[in-house]
1. Is at least one residue of the stretch 187-199 part of a loop (DSSP other than H, G, I, E, B) and open to solvent by less than 10 Å² (accessible area, probe 1.4 Å)?
2. Taking the condition of being away from ligand 2 (no atom under 11 Å from the Cβ) and over 17 Å from residue 10 (Cα atoms), how many residues in the stretch 241-253 meet it?
3. Yes or no: the stretch 152-168 includes at least one residue that is aromatic (Phe, Trp, Tyr) and within 30 Å of residue 279 (Cα to Cα).
4. What do you reckon, is residue 258 in a loop (DSSP other than H, G, I, E, B) and on the phi < 0 side of the Ramachandran plot?
5. Against the definition (open to solvent by 30 Å² or more (accessible area, probe 1.4 Å) and either assigned to a helix (DSSP H, G or I) or among the small types (Gly, Ala, Ser) (or both)), how does residue 263 come out, yes or no?
6. Inside the stretch 9-116, counting only strands (runs of 3 or more DSSP E) that do not spill past its ends, which hold 3 or more residues that are open to solvent by 10 Å² or more (accessible area, probe 1.4 Å)?
7. Just checking, how many residues over the stretch 153-186 are open to solvent by less than 10 Å² (accessible area, probe 1.4 Å), in contact with a Phe, Trp or Tyr (Cβ under 9 Å, 6 or more places away or on another chain) and more than 12 Å from ligand 1 (Cβ to nearest atom)?
8. Taking the stretch 266-306 as the region of interest, how many residues are in a loop (DSSP other than H, G, I, E, B) and either within 17 Å of the chain's Cα centre (by Cα) or of a type outside the set (Lys, Arg) (or both)?
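The values are calculated or read from the model by the stated rules, or taken from the named source; none is laboratory data. Keep in mind the model is a prediction, meaning the values are calculated, not measured. Note: ideal-geometry Cβ built from the backbone for every residue, glycine included; neighbour counts use all protein chains shown. Side chains included, ligands, DNA and RNA excluded: accessible areas come from the protein's heavy atoms. Shrake-Rupley method; radii C 1.70, N 1.55, O 1.52, S 1.80 Å.
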Amino acid sequence: MPDDSPDRPRILLDCDPGHDDVVAIVVAAHTAELVGITTVAGNAPLDRTTYNACVIRDAMRLPVTVHSGAERPLVAEPKFAAFIHGQSGLDGAELPAPDRGADSTDAVSFIIETCRSSEGTWLVPTGPLTNIALALRAAPDLVGCIAGISLMGGGTFGNRTPAAEYNIWADPEAAAIVFECGAQITMAGLDVTHQFLVTPPRIDQVAALDTPFTSIIADLFRFFSRMYIARHDHIAGAALHDPLAVLALTHPHLFRGTDRHVSIETHGRHTAGMTVIDRRGITDREQSNVHVLEHVDADAAWSVVFDALAEAGRRSCR
Ligand code: BDR
Ligand code: CA
């Protein structure tokens, strides 16, 4: 059975699957009311992130539509993340073919119509912010219709450069539009996502579920973890970033954070894509625009993720 938490927020997930984006889809389906999936170029080119989203939608038999969006960032050249996710965006497992492709190629219209038709939807972007920026630019009234934006991105350190995290770095101009839009924003940046690792014991736990779907996830986790361990001096596994943007809404008690002013550096020679977080304790700071997550109860968060994966395994076997 899906998670029975009393409040299931309405979530529209904008993603670039991506190993950890897959887990965000699984967790959103289990803990929230998932109203649709939109895709963006990011970890891999758009045709591939869209294909991957369709694979997961159909393997999980999810009754939601997938809409592909921006093929490239607003200004920057496209930059993919094959060094972490492989050329396909989901290297490491044999993926079943999806039953059908995307339901439309107009993610931006889908975002606008969905948010306008039902007030109180949360936008949950887990890739570059291109689609969300385009939607906000075309329909500034969305800020007044949505509940807010809970995103994975940024942090006080980077993973693509010393200063910049991948999702913000890949399309800083889009990120600047989103962070300045006036909506309530929750930010799951690297400070918190690097507390949430998919370690060998957690992978073994998933493999032991022994369903076709969870075996695929275990294979994906093995690949993802290997890439992280190879690229870091000391890390016990891959950082499972993206599901935290979902869990911040469905299980907020698992997090600690602070309201801060955050601006996006779009031009710095060494700092483009940086989230400049004002952490000063003095009174003439700018008003906060972002709830910056700083700490997660990783064991409790893993237990929600594990339940969601187990449920997806049962659902896919039916
Ligand atoms: C973010 O970049 C991507 O590689 C992941 O899917 C995640 O959204 C982490 O920096
Ligand atoms: Ca992602």
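1. Residues of the stretch 187-199 part of a loop (DSSP other than H, G, I, E, B): 189, 194-196, 199.
Narrowing the set further to residues that are open to solvent by less than 10 Å² (accessible area, probe 1.4 Å) leaves 189, 196.
Scanning the stretch 187-199 turns up at least one residue that is part of a loop (DSSP other than H, G, I, E, B) and open to solvent by less than 10 Å² (accessible area, probe 1.4 Å).
2. Qualifying residue count, the stretch 241-253: 1.
3. Restricting attention to the stretch 152-168, the residues satisfying the condition of being aromatic (Phe, Trp, Tyr) are 157, 166.
Okay, now just the ones that are also within 30 Å of residue 279 (Cα to Cα), so 157, 166.
Among the residues of the stretch 152-168, at least one is aromatic (Phe, Trp, Tyr) and within 30 Å of residue 279 (Cα to Cα), which makes the answer yes.
4. When the stated conditions are applied, residue 258 does not pass them.
5. Working: open to solvent by 30 Å² or more (accessible area, probe 1.4 Å): yes; either assigned to a helix (DSSP H, G or I) or among the small types (Gly, Ala, Ser) (or both): yes.
Judged against the criteria, residue 263 is a match.
6. On the way: elements: 10-15, 33-39, 66-68.
Passing ranges, in order: 33-39.
7. Of the residues in that region, 2 qualify.
8. Kept after step one, since they are in a loop (DSSP other than H, G, I, E, B), are these residues of the stretch 266-306: 266-274, 279-289, 297.
Narrowing the set further to residues that are either within 17 Å of the chain's Cα centre (by Cα) or of a type outside the set (Lys, Arg) (or both) leaves 266-268, 270-274, 281-284, 286-289, 297.
Summing the residues that are in a loop (DSSP other than H, G, I, E, B) and either within 17 Å of the chain's Cα centre (by Cα) or of a type outside the set (Lys, Arg) (or both) in the stretch 266-306 gives 17.
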